[in-house]
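A.B. asks: Mind having a look at this structure? Questions to follow.
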């Protein structure tokens, strides 16, 4: 087993701050700017709920930085290869996913989790198990629900079922799919 991953950093292919974000938004509309990592983490101006759930399940800290926010070490490892995902190990930085890898994912959060595990394995790095992302995130469920299960606020609240991805009573997981596996009443 290779060196353990201590943390990961995703590097966007755009500058941060008001000016950088505005320039990216205008470029995206005009078709002159593209960042595959942005497509994975965001939908419009908001962070994707599936991304938030995935980052919570990754067993090591995962940070995101813009080009103008990189440390010198991250800049050296990512120059000319953004967007990308870097693994911080005891031996230094290792680029796990590059721009081509992220482009192939076409904004898919679940695909990102799979690609991340595979890239860590190919690099010979030890990444503790990443729990599967919630099904509702994979299918873009509007309220953090599994597909085919309508959101019923009054009935769900009265039955103590998870709401908006919240944990069911007695469950440590806030993922509705995990709740369904442990409690057949949660459907």
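All of the numbers you see were taken from the coordinates with simple rules; none came from a lab. All of these numbers come straight from a predicted model, not from anything done at the bench. Reconstructed Cβ throughout: ideal geometry from the backbone, glycine too, with neighbour counts over all protein chains shown.
A.B. asks: Which order, highest average first, do 118-126, 11-19, 96-104, 82-90 follow once you tally other Cβ atoms within 10 Å for each residue and take the mean per peptide? Walk me through the intermediate numbers first.
C.D. replies: Values: 118-126: 14.6, 11-19: 16.7, 96-104: 18.2, 82-90: 21.2.
Per-residue Cβ counts within 10 Å, averaged per peptide and sorted highest first, yield 82-90, 96-104, 11-19, 118-126.
A.B. asks: I'd like the Kirkwood hydrodynamic radius of region 5-122, using the inverse of the mean 1/r over distinct C-alpha pairs, in Å. Could you put the intermediate results ahead of the total?
C.D. replies: Values: mean 1/r = 0.0692 Å⁻¹.
It is 14.4 Å.
A.B. asks: Which values, in whole Å and largest first, are the semi-axes of the equivalent ellipsoid of region 29-84 obtained as the square root of 5 times each eigenvalue of the Cα gyration tensor? Show your work: numbers first, answer last.
C.D. replies: On the way: eigenvalues 83, 72, 13 Å².
Semi-axes from the Cα gyration tensor: 20, 19, 8 Å.
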